[in-house]
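A quick write-up on the structure given underneath.
The values are calculated or read from the model by the stated rules, or taken from the named source; none is laboratory data. In this text, all values refer to a predicted model and were calculated from it rather than measured experimentally. Here the Cβ positions follow ideal geometry from the backbone for every residue, glycine too, while neighbour counts run over all protein chains shown.
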């Protein structure tokens with residue numbers, strides 16, 4: 001096991017309920033690329049909330065947005081400074 005100086009620095013992150021729901025769906029690939037908020041809609045969160053939360057998470061550096069077949073796709077951002 002490496003020492004503290006051997007490991008890359010990663011900022012801790014905190015998330016609200018909607019962010020945690022979206023992040024879980026994104027990192028576990030439980031949703032199709034065009035519907036990464038589907039599970040969160042099933043939990044009662046509306047499209048406007050999901051869309052705004054994804055924008056906020058992108059701005060905060062928690063996720064990055066790419067594209068897949070013309071649809072926005074989100075994936076976890078690297079948080080180790082690389």
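Structure values in brief
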item	result
Residue that is surrounded by the most Cβ atoms within 10 Å (Cβ to Cβ), among those in segment 56-69 that are modelled with pLDDT of 75 or more and farther than 16 Å from residue 27 by Cβ	56
Flag if residue 22 is within 14 Å of residue 71 (Cβ to Cβ), part of a helix (DSSP H, G or I) and modelled with pLDDT of 80 or more	no
Of all residues making up segment 36-51, the number that are assigned to a helix (DSSP H, G or I) and either in contact with a strand residue (DSSP E or B) (Cβ under 6 Å, 6 or more places away or on another chain) or closer than 11 Å to residue 22 by Cβ (or both)	7
Residue among 8, 72 that is at pLDDT below 75 and in contact with a strand residue (DSSP E or B) (Cβ under 6 Å, 6 or more places away or on another chain)	72
